[in-house]
Each structure stands twice: as C-alpha cells, then as structure tokens.
C-alpha cells in the first residue's frame with residue numbers, strides 16, 4: 001500500500017469518527033428538546049439538522065481535515081461542555097445553544113481555526129436555532145406591542161375593545177399578552193427559516209436584506225391574529241381558548257407562519273428565475 005492510499009484511508013477513518021461524534025451529539029441535543037416537550041423547537045431542530053446534513057454531504061469530498069493542537073483542545077472543551085450540560089439537563093436557553101456549540105466543537109476538532117470557513121453555512125444555520133431567541137428574550141419585550149396591534153385588529157373588525165398595556169379587554173372577557181404569547185418564538189422561527197432559505201436557495205444580493213424583515217413581519221402578524229382569536233375565545237368559548245392557548249393546536253400558528261413565508265420565498269425564487277431567463281435571452 002503506497003503513501004497516497006494510506007493517507008486516503010486515514011482521512012476516511014477520520015470522517016467516520018467525526019460522523020459518529022456529530023451523530024451522537026445531535027442525538028443528545030434532540031433528546032433534550034424532546035424531554036423538554038418543546039414540540040415546535042424539536043421540529044425546527046430536525047429540519048435544520050437535515051439541511052446541514054445535506055450541505056455537508058454535497059461538499060464531503062472537498063473538506064480539509066487539518067486541525068492543530070490549540071483548536072483541537074478548544075473543540076474538545078466545547079464538546080465536553082455540551083456533554084456536561086446534557087447530563088445536568090440544561091435549561092431552555094442553554095439547551096438551544098447546544099447544537100451550535102457541538103457543531104463548532106467538532107468543526108474545530110476536524111479542521112482547526114483556519115478550516116472553519118468550510119462550515120460557515122452549517123454554523124450560521126445552527127446558530128439561528130438558539131442565538132437569536134436568547135438575545136431577543138434578553139433585550140426585547142414585544143408583549144405591549146403585540147397587545148396594541150391585536151387590539152387594533154379587533155377594533156378594525158368591529159369589536160368593542162379596550163387595550164391597557166398588555167391587557168386586551170372585551171365586554172365579556174379578555175386576555176393578558178404574556179412573554180409566552182408575545183410571538184417572539186414565532187418571529188424567531190420564521191426569521192430562522194428565512195436564513196435557512198437564503199443559505200440553501202440564495203437570491204441576489206439586493207433582495208437578501210429584506211427577506212428576513214418580511215419573515216419577522218409575517219411571524220408578528222400571524223401571532224397577533226392568534227392573540228385576536230384567543231381574546232374572542234376568552235369572551236365566548238372557554239374550551240376553545242384552552243385548546244388554542246396551551247394545547248397542541250397552538251403550534252398550528254407557527255406552522256402557518258412558516259408556510260406563509262415559504263410561499264413568499266417560492267414566489268421570490270420564481271421571480272428571480274424568470275428575470276434570469278430574460279437576461280439570458282437578451
């Protein structure tokens with residue numbers, strides 16, 4: 001066996017080891033989300049992991065595995081932290097950081113600091129599984145804005161509504177827009193989907209800026225419609241209110257938001273394809 005064949009076998013062995021480490025770590029992350037009974041985030045995690053799996057598979061033959069001592073130590077430390085947090089059942093915010101942290105650790109272990117640019121797409125996608133929600137929850141309180149906009153919609157549709165801070169009152173009942181009902185999660189999910197779409201199916205540079213803005217608006221409006229329905233149900237149908245507020249049906253609005261954004265982005269891609277074909281014919 002010559003030197004080239006030995007090097008090829010060594011690289012294959014490294015790939016198998018790395019694949020096993022990644023699969024094990026991401027399985028742990030998914031298990032934690034499942035145990036936390038976070039159905040929406042579990043579905044998003046599966047989608048994002050499938051996306052990065054597809055991206056990595058496409059460029060598998062061009063990846064360079066050349067790590068050094070320091071990045072390997074940092075990578076092992078990050079993986080160790082993920083395992084430690086998983087054993088100690090990490091809380092919500094930390095739990096959402098684990099997929100990105102574990103991927104970053106494996107990337108450093110595989111390719112070092114210089115090789116991180118090979119994985120920029122995967123790391124960006126995974127970062128949006130946790131980083132934006134943590135930053136947004138620490139910096140923004142959109143509950144009053146959601147309450148005000150939802151009250152505006154109710155007034156527009158002819159309801160006798162009074163809005164006081166985060167409270168929306170109808171003659172026969174009302175709701176309080178708490179942090180959980182503010183729509184932050186829905187906004188983050190649609191924003192994350194927009195980033196995933198831009199990475200997987202890029203559009204021209206002029207349109208990249210407003211795509212996340214449209215995603216944020218869609219998420220906000222869809223959740224406001226949910227709050228409107230909750231206010232109406234609170235005043236007329238308690239069983240329906242309980243179902244749409246805390247039951248599995250509440251996830252339907254998140255799915256609707258993603259579907260609406262998906263339709264918007266599909267139309268954008270169609271427009272881009274049509275414009276490209278016109279330029280080619282000219």
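Coordinate-derived values only; no laboratory data. Please read all numbers here as calculations on a predicted model, not as lab measurements. All Cβ positions, even for glycine, are placed from backbone atoms using ideal geometry, and neighbour counts span all protein chains on display.
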Expressed in nm to one decimal, what extension gain is obtained for the pair residue 60 and residue 206 from 0.36 nm per residue of sequence separation less their Cα-Cα distance?
49.5 nm
Tell me the angle of helix 3-35 to the major Cα principal axis of the chain, expressed in degrees between 0 and 90 and rounded to the nearest ten.
20 degrees
Sorted by average packing, counted as other Cβ atoms within 10 angstrom per residue and highest first, what order do 205-213, 77-85, 226-234 take?
226-234, 77-85, 205-213
For the pair residue 39 and residue 72, the simple spin-label estimate (label points 7 Å beyond Cα toward Cβ) gives in nm 4.6 nm
Shape descriptors of the stretch 84-156 over alpha-carbon atoms, Rg and Dmax in angstrom, are 18.1, 57
Once you have a ≥ b ≥ c as the square roots of the Cα gyration tensor eigenvalues for the stretch 10-85, tell me rounded if a/c is under 1.5, and otherwise prolate or oblate according to whether a/b is larger than b/c.
oblate
The helix 92-111 Cα axis meets the longest alpha-carbon principal axis of the chain at an angle in degrees, between 0 and 90 and rounded to 10, of 20 degrees
Note to self: C-alpha centroids of the stretch 45-105 and the stretch 157-213 sit apart, in Å, by 29 Å
Once you have a ≥ b ≥ c as the square roots of the Cα gyration tensor eigenvalues for the stretch 77-210, tell me rounded if a/c is under 1.5, and otherwise prolate or oblate according to whether a/b is larger than b/c.
oblate
With a 10 Å radius around each residue's Cβ, average the other Cβ atoms per peptide and rank 184-193, 269-278, highest first.
184-193, 269-278
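Take the Cα gyration tensor of the chain, multiply each eigenvalue by 5, square-root it, and list the three semi-axes largest first, rounded to whole angstrom.
Semi-axes from the Cα gyration tensor: 42, 25, 14 Å.
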Taking Cα atoms, how many degrees apart are the long axis of helix 39-58 and the longest axis of the chain, rounded to 10 and kept between 0 and 90?
30 degrees
Expressed in Å to one decimal, the Kirkwood Rh of the stretch 3-137 from all distinct alpha-carbon pairs is 15.4 Å
Given a 10 angstrom Cα cut-off, can you work out which residue in 30, 19, 154 is the most mobile in a GNM of the chain?
19
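Divide, for the stretch 140-281, the radius of gyration over alpha carbons by 2.2 N^0.38 Å, where N is the residue count.
1.24
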